[in-house]
Structure formats: structure tokens, C-alpha cells
Amino acid sequence: MSTQRGHVQVAARLLAERTGLRLSDGLRARLAVHLEAAARASGQAPERYAAGLAGDPDAFQAVLDRVTVQESGFFRHPDQFAALGRQVLPALEGPVVVWSAGCANGQEAYSLAMELAASGRADWQVLATDVSAAAVARARAGRYTTAELAGLPP
């Protein structure tokens, strides 16, 4: 095993153990680039940096934020939102809590909130979570570019 593969493998194994994340080749390449840059910035060899991730929650979170794919879009699967509005929500009683697991940058969660608001229900809540702290912070801020908002009605 080459040195580069060793430190990438150490970090990939830690990501899998702590989050269940299994890295594709593309994400492994992103991980390798991030580990090299972070190690250089901290004045460490990549092997030492990767080995220290287990005991450094901030560094681990930074790695997680760099390798997770934080892609979403408003109403990305329109048929699913149509089914939610026409079939699922009318059949539910009582308060409704919808969980957007792996919410990325929040577009799905906000789409769910828009669909719930349009349903006329007063007793709903959307819970949005993600393993990436950066993604959750962006979702919480609710700020999107004009391009990300394209296609949404005013």
C-alpha cells in the first residue's frame, strides 16, 4: 500500500465507522486532495494528520464537510412532491413531522415546508439533518443564489 493510499484509507475507514459513509472513487480523490492540503496547512505529514482525525472532532468535521456531496435542488423530484400533496398529506391526522435526512444545503427541506404550507395544515414541522455541519449551517441560513432559486414561483 502506498503512503498516499494509507492515509486516505485511514480517513476513509474512520468516515465509514463514524458515519456509515462509503466513498466512491471520486470521493476518495476529494478526500486525498483535502488530506494533503489540510496536512500541509497544519505542518504535518498526511499520514500523521489522518491518524489524528480520530481525536480531533473539528478536523474530522472539516474532512466530512469536504467529502460529502451537498447537492440538492428545490422540488428536485416533482412527482414525489405531487404525491405528497395529493395523497399522503390529506390522509394524515394530527401533527405532521417530516424528516429531511441528508438535507444537504436545505432545498429539499424548504420544498417540504412549502408543500406543507400549501396543504393548509397548521400543525406541521420539518426536521432537517445532515452529517455535514457546513451543509446544515447553509440550510439554516436559507440563503440561495438566483440560479438555485430558478424555477420556483415567486
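The values are calculated or read from the model by the stated rules, or taken from the named source; none is laboratory data. In this text the structure is predicted, and so the values were computed from the model without any measurement. Cβ placement follows ideal geometry from the backbone for every residue including glycine, while neighbour counts extend to all protein chains displayed. Ligands, DNA and RNA are stripped out before the accessible areas are found, and what is left, the full protein with its side chains, is counted by its heavy atoms. Shrake-Rupley method; radii C 1.70, N 1.55, O 1.52, S 1.80 Å.
Length available on full extension from Ala29 to Leu127: 0.36 nm per residue minus the Cα-Cα distance, which gives 32.1 nm.
Taking the accessible area of the range 1-138, probe 1.4 Å, and keeping the other protein chains in place, the carbon and sulfur fraction comes to 53%.
Spin-label pair Gln44-Leu92: with each label point 7 Å from Cα along the Cα-Cβ axis, the two points sit 4.3 nm from one another. Kirkwood analysis of the chain, using all unique Cα-Cα pairs, places the hydrodynamic radius at 17.6 Å. Remark: C-alpha extents of the range 62-133 on the principal axes read 42, 23, 14 Å, sorted largest to smallest.
The string of couplings for the range 78-86 from the Karplus curve (6.51, -1.76, 1.60, θ = phi - 60°) is x, 5, 5, 5, 5, 5, 4, x, 8 Hz, one whole number per residue in order, with x for Gly and Pro. Accessible area per residue for the chain, computed on protein heavy atoms with a 1.4 Å probe, is 61 Å². Here the 3J(HN,Hα) profile of the range 121-128, calculated from phi with Karplus coefficients 6.51, -1.76 and 1.60 at θ = phi - 60°, is 5, 9, 10, 9, 8, 10, 9, 10 Hz, Gly and Pro shown as x. For the chain, the residue among Thr146, Gln9, Phe74 whose Cα projects farthest onto the positive side of the dipole built from Cβ charges is Gln9. By the helix-only formula, in which each DSSP H run with n ≥ 4 contributes -39500 (n - 2.57) and the sum is divided by residues, the chain has a 222 nm mean residue ellipticity of -16500 deg cm²/dmol.
Listed values for the range 63-77 are Karplus-derived 3J(HN,Hα) couplings in whole Hz (6.51 cos²θ - 1.76 cosθ + 1.60, θ = phi - 60°), namely 5, 4, 5, 7, 9, 6, 8, 9, 10, 7, x, 5, 6, 4, 10, and x replaces Gly and Pro. For Ser100, the residues 5 or more places off, or on other chains, whose built amide H falls under 5 Å of its own are Leu127, Ala128, Thr129.
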